[in-house]
Protein chains: 4
Amino acid sequence: MSNTRRYTLSLSCPDQVGIVAAVSGFMASHKGWITEANHHADETSQRFFMRQEVIADSLDLDYATLQQEFGALAQKFQMDWRISDSAQKKRVVIMVSKQEHCLYDLLARWQSQELDIDIPCVISNHDTFKGFVEWHGIPFHHVPVTPETKEAAYAKVMSLFEAAQGDVMVLARYMQILSPAMCEAYPGQIINIHHSFLPSFVGAKPYHQAFARGVKLIGATCHYVTSELDQGPIIEQDVIRIDHSDAPDDMVRYGKDIEKTVLARGLRYHLEDRVITHGNKTVVFR
Amino acid sequence: MSNTRRYTLSLSCPDQVGIVAAVSGFMASHKGWITEANHHADETSQRFFMRQEVIADSLDLDYATLQQEFGALAQKFQMDWRISDSAQKKRVVIMVSKQEHCLYDLLARWQSQELDIDIPCVISNHDTFKGFVEWHGIPFHHVPVTPETKEAAYAKVMSLFEAAQGDVMVLARYMQILSPAMCEAYPGQIINIHHSFLPSFVGAKPYHQAFARGVKLIGATCHYVTSELDQGPIIEQDVIRIDHSDAPDDMVRYGKDIEKTVLARGLRYHLEDRVITHGNKTVVFR
Amino acid sequence: MSNTRRYTLSLSCPDQVGIVAAVSGFMASHKGWITEANHHADETSQRFFMRQEVIADSLDLDYATLQQEFGALAQKFQMDWRISDSAQKKRVVIMVSKQEHCLYDLLARWQSQELDIDIPCVISNHDTFKGFVEWHGIPFHHVPVTPETKEAAYAKVMSLFEAAQGDVMVLARYMQILSPAMCEAYPGQIINIHHSFLPSFVGAKPYHQAFARGVKLIGATCHYVTSELDQGPIIEQDVIRIDHSDAPDDMVRYGKDIEKTVLARGLRYHLEDRVITHGNKTVVFR
Amino acid sequence: MSNTRRYTLSLSCPDQVGIVAAVSGFMASHKGWITEANHHADETSQRFFMRQEVIADSLDLDYATLQQEFGALAQKFQMDWRISDSAQKKRVVIMVSKQEHCLYDLLARWQSQELDIDIPCVISNHDTFKGFVEWHGIPFHHVPVTPETKEAAYAKVMSLFEAAQGDVMVLARYMQILSPAMCEAYPGQIINIHHSFLPSFVGAKPYHQAFARGVKLIGATCHYVTSELDQGPIIEQDVIRIDHSDAPDDMVRYGKDIEKTVLARGLRYHLEDRVITHGNKTVVFR
């Protein structure tokens, strides 16, 4: 990721002739230097998707004016749109349980600025990683979850997320099922890593399910969380080869390597406004 | 595949100490030169699996005597076993409909002797490939299948397979569901290629199912046919990356490349006695 | 590939603000319905690359007028550009020796119209595939090549290519090194498949080189032919896993599967005007 | 990795009939329960390779007696052999510079006991990770390396490695070229991760070399260090897809994901005695 300040426009709207010309014309009329541009037209739904990255300093208007002026154009085309500013780091709240691989991986990427984010806090239903997280200078909140305290626990998590002004919540192998209320409170803002190649092996113990079925590859899926378990829009997936000699424990071990990689890729796409949801699917402009 | 004549022993039996020693000792006592050997012990079922390739001319006994003498040892360990002789080419009957990719691919491998098999005939519910198959000097049987004639059609297919002395039947994108009777007549002898990463997207139009779910990879699965649709033991699988811009038609096109490769790999494993079934799963000694 | 007639514009030019706006504005002013669009700006060379697919019937001008009017705009931006018409099938001349896998694969794709091309002829230095090619209704030319007749042979090949009005020549495991004169006569028009992951293992017997070095993956590379052996711009590559038990003969066998797939992908990118060369590199808008 | 104590026998010797029978017979005569077994015969060199894992408690002799008795058999077959005991954790010394990804990854695997090793110390030519390493309770040694102090620095590293009773030294993106003396002091004990798909792009800045050549995949290679730069026996490799839009900086970022994964896989194979070197190549019994 370059250090030059950029604005990223992402939008979707009903498809029609002239959208690209209108948007590109707008940018050109303000001297915008576009460094990356992608479009997609979905034939079935006749919907159009677009993403452009512009160098901030090339434009002859400031962020607020850009928002305002683009808003007028956007209205004409009935766009769902957003312009984000790379100078505003996104705030990522990490949820974790007892498994370390995704947490270590995300903190390494944050520490080296590979991921240019703020991590206002880590929340966990266990205190396993309290010392590790705090060593990094990041606040750690231990919010235990039991069948009886579930409601209060999630209320607490939501208030911590609000207090942290979180932009996105990452379930980094958080081993609890969120309440429907919480899922619905943050549509397109909660990202999960599921340890199977969805839609195969929904729910608990997917590696044991994979072992029982005798598949020859296992996978991981990064998706937005919705109130339906493991059914949200898929952002990224990958697989790894196994064979008959691999017991579920071996799969758990191999699986970690794709889980953390797939989660990191999916999260990056989200943070860079490369993902536009569309019903229960995603357009991902890599 | 080397041209040297080899015997391939494959077996499974209840696990206990001394199986490898007994088998290896037997081979060594007959001066057998083992070129490849694999074992696997399944912890859950306490079952042991083994495969050995021996150079035929290194042994001091002939094929019939080998069978007889090994039979005594096998009985002691309650083995399910088989010794195949590379000098006996396996007879592969190909079933095809209107899609060309698996058929061209298999005939190319046969023509170049990459697959060292006999193809006694090709059977199809359409006559699309009659000329192509016959040009290769292979008999072609057109057996139309309609809802009304299904029973008679499959009886015809079975009698053609018997007349051809087929060892294995390959459904090379054969777009009909076999009758339960036929599936049960040839357990572990009918190999299918399904155009999804099973257990996802069982049944008809898997690429359309994949498109609807918004997955980021599509797959193909080579498996033995059982009377339960797409539920048989999996031999081999692979996947290919897609993205939001790929319509079902694009997936059909990409999918062909993995379908033919996965089918060819799975068939080769079967032909070389590398696959041992075990309940609804397979051990594949690659 | 859809059957709707499309024009495909591909171009490169010095980078500056306003190119996308100008091109998109031009298309919009003529009511062009853009179904696919891609850009790339190369920072090092400050060069800009672009590709757009437009539905032919959506435009209010015909192909000749389109060429003329766009030419004026193109000149202003110093573009290298081309607009191709999907109604004009590209003419692909296939060169082959004695290995069947790429030839069978390409003919299968042509036969099923997966590749929407004309194959005016196949040229070979052996007559191995004469019958097979002619059965498909495609003329076959046997042009033997010996050290002594090399010059005359390539003159013959070039005259056959000209007579066939070939757009692109595909070396489908053609086991002869073309003359520099021939390479230079058709820059960006001759596509080769090399059986290694270039730049590793240039030249003869790459699988034997790979075996000697003990690599754990082998590859294939589809590239444009230049007068420097295996040094031309790379279009597509892929790899496959091997291990210590694989002798060079096994690699040859595994390699076939990636060679034919990589060649087919690279050729498709070329045919769909997705490849723009840039020095010794390519931009590939997949 | 199961927690049951196991002995792992690995060996190579001139190939002849009866090796498997002799070894298996030996194990069976001592009631050894073999959980994993692999062989390989190299045709070119007529050398045989073997690995067996045996459950320690199943044997009727202790470790010392096992070594002694097997030694007699080994001598008969001129074996290079080793029996390691899973109760003796291997001691891994990590060398690192300023890049965090491999270090975080290895410590995560160690912390969760996925890698069942001791890390007696981490050595670095920078003090970047002093706090991080020490937080984990692992001693950290800062040994700066400058052109002038190189000799003394490597003498210091070697004495630290000796004092730590290290079994293996891992160069986890250690950005210095070891002295030939050091390479030769620990043959088969120093493991490096090189950020290219060797033999392509030896030496410095391989991602810049890859960018200049325009390859479509980049790779990482885990290998034993020898005195010839990047020429040692390869243990493991993998690749990841890139395209024209990826600058060297992007490759650096993508590359991290395969570097750490390939290093971890290669290290695990080494630790589990799955790797047997053979000239400049490896047999890896995965």
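The table that follows gives values for the structure above.
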{"read-out": "Cβ-Cβ under 6 Å pairs, at least 6 apart or on other chains, segment D:55-69 side part of a strand (DSSP E or B), far side among the β-branched types (Val, Ile, Thr)", "value": "D:55/D:4"}
{"read-out": "Those residues of segment C:192-210 which are over 13 Å from residue C:238 (Cα atoms), touching an Asp or Glu at 6+ places or on another chain (Cβ under 7 Å) and within 11 Å of chain D (Cβ to nearest Cβ), in sequence order", "value": "C:202"}
{"read-out": "Selection within segment D:249-279 - of a type in the set (Ser, Thr, Tyr) and in a helix (DSSP H, G or I)", "value": "D:254, D:261, D:269"}
{"read-out": "Those residues of segment A:44-79 which are surrounded by fewer than 14 Cβ atoms within 10 Å (Cβ to Cβ) and over 22 Å from residue A:4 (Cα atoms), in sequence order", "value": "A:44, A:45, A:46, A:68, A:71, A:72, A:75, A:76, A:78"}
{"read-out": "Residues of segment B:136-175 classified as crowded, with 17+ Cβ neighbours inside 10 Å, closer than 19 Å to residue B:101 by Cα and either hydrophobic (A, V, I, L, M, F, W, C) or out of contact with any Leu (no Cβ under 9 Å at 6 or more places or on another chain) (or both), total", "value": "6"}
{"read-out": "Check on residue C:118, within 20 Å of the chain's Cα centre (by Cα) and surrounded by 14 or more Cβ atoms within 10 Å (Cβ to Cβ)", "value": "yes"}
{"read-out": "Residue satisfying all of: in segment A:33-47; more than 10 Å from chain C (Cβ to nearest Cβ) and in a strand (DSSP E or B); modelled with the highest pLDDT among these", "value": "A:47"}
{"read-out": "Selection status of residue D:85, in contact (Cβ under 8 Å) with a residue 60 or more places away in the chain and surrounded by fewer than 18 Cβ atoms within 10 Å (Cβ to Cβ)", "value": "yes"}
{"read-out": "Which numbered condition residue C:233 fails, given (1) closer than 22 Å to residue C:269 by Cβ; (2) more than 8 Å from chain D (Cβ to nearest Cβ); (3) of a type outside the set (A, V, I, L, M, F, W, C)", "value": "(2)"}
{"read-out": "Unmet criterion (only one of (1) of a type in the set (S, T, N, Q); (2) touching a Ser or Thr at 6+ places or on another chain (Cβ under 9 Å); (3) surrounded by fewer than 23 Cβ atoms within 10 Å (Cβ to Cβ); (4) part of a loop (DSSP other than H, G, I, E, B)) for residue A:231", "value": "(2)"}
{"read-out": "Residue pairs meeting the criteria (Cβ under 8 Å; at least 6 apart or on separate chains; first small (Gly, Ala, Ser), in segment C:176-193; second part of a helix (DSSP H, G or I))", "value": "C:179/C:150; C:179/C:151; C:179/C:154; C:181/C:154; C:185/C:158"}
{"read-out": "Any hit, segment C:2-9, residues being facing chain A (nearest Cβ under 10 Å), part of a strand (DSSP E or B) and surrounded by 14 or more Cβ atoms within 10 Å (Cβ to Cβ)", "value": "no"}
{"read-out": "Contacts under 6 angstrom Cβ, first residue in segment A:248-270 being more than 11 Å from chain D (Cβ to nearest Cβ), partner surrounded by fewer than 19 Cβ atoms within 10 Å (Cβ to Cβ), 6 or more apart", "value": "A:248/A:208"}
{"read-out": "Selection count, segment A:28-53, where residues are in contact (Cβ under 8 Å) with a residue 12 or more places away in the chain and within 23 Å of residue B:245 (Cβ to Cβ)", "value": "18"}
{"read-out": "Those residues of segment A:218-230 which are modelled with pLDDT of 95 or more and within 20 Å of residue B:197 (Cα to Cα), in sequence order", "value": "A:218, A:219, A:220, A:221, A:222, A:223"}
{"read-out": "Subset of segment A:150-187 [in a loop (DSSP other than H, G, I, E, B) and under 28 Å from residue A:252 (Cβ atoms)]", "value": "A:172, A:173, A:174, A:175, A:176, A:177, A:178, A:179"}
{"read-out": "Out of D:240, D:276, sole residue that is of a type in the set (Val, Ile, Thr) and within 10 Å of chain C (Cβ to nearest Cβ)", "value": "D:276"}
{"read-out": "Residue B:19, sole failed condition from (1) within 14 Å of another protein chain (Cβ to nearest Cβ); (2) buried (at least 20 other Cβ atoms within 10 Å of the Cβ); (3) under 28 Å from residue B:113 (Cα atoms)", "value": "(3)"}
{"read-out": "Condition broken by residue D:166, with the remaining ones in (1) within 25 Å of residue D:229 (Cβ to Cβ); (2) of a type outside the set (A, V, I, L, M, F, W, C); (3) out of contact with any strand residue (DSSP E or B) (no Cβ under 8 Å at 6 or more places or on another chain); (4) touching a residue at least 60 places away in the same chain (Cβ under 8 Å) satisfied", "value": "(3)"}
{"read-out": "Residue in segment C:202-216 that is nearest to the chain's Cα centre (by Cα), counting only those that are crowded, with 22+ Cβ neighbours inside 10 Å and not in a loop (DSSP other than H, G, I, E, B)", "value": "C:206"}
{"read-out": "Selection count where residues are within 13 Å of residue C:37 (Cβ to Cβ) and surrounded by 23 or more Cβ atoms within 10 Å (Cβ to Cβ), scope segment A:22-41", "value": "5"}
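Each row is one residue, and each column tells you yes or no for (1) within 21 Å of residue D:89 (Cα to Cα); (2) among the aliphatic types (A, V, I, L, M).
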site: D:3; (1), (2): yes, no
site: D:12; (1), (2): no, no
site: D:15; (1), (2): no, no
site: D:18; (1), (2): no, no
site: D:22; (1), (2): no, yes
site: D:27; (1), (2): no, yes
site: D:30; (1), (2): no, no
site: D:36; (1), (2): yes, no
site: D:42; (1), (2): no, no
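The values are calculated or read from the model by the stated rules, or taken from the named source; none is laboratory data. Every value quoted in this text rests on a predicted model; they were computed, and no experiment measured them. We place every Cβ from the backbone using ideal geometry, glycine too, and count neighbours over all the protein chains shown.
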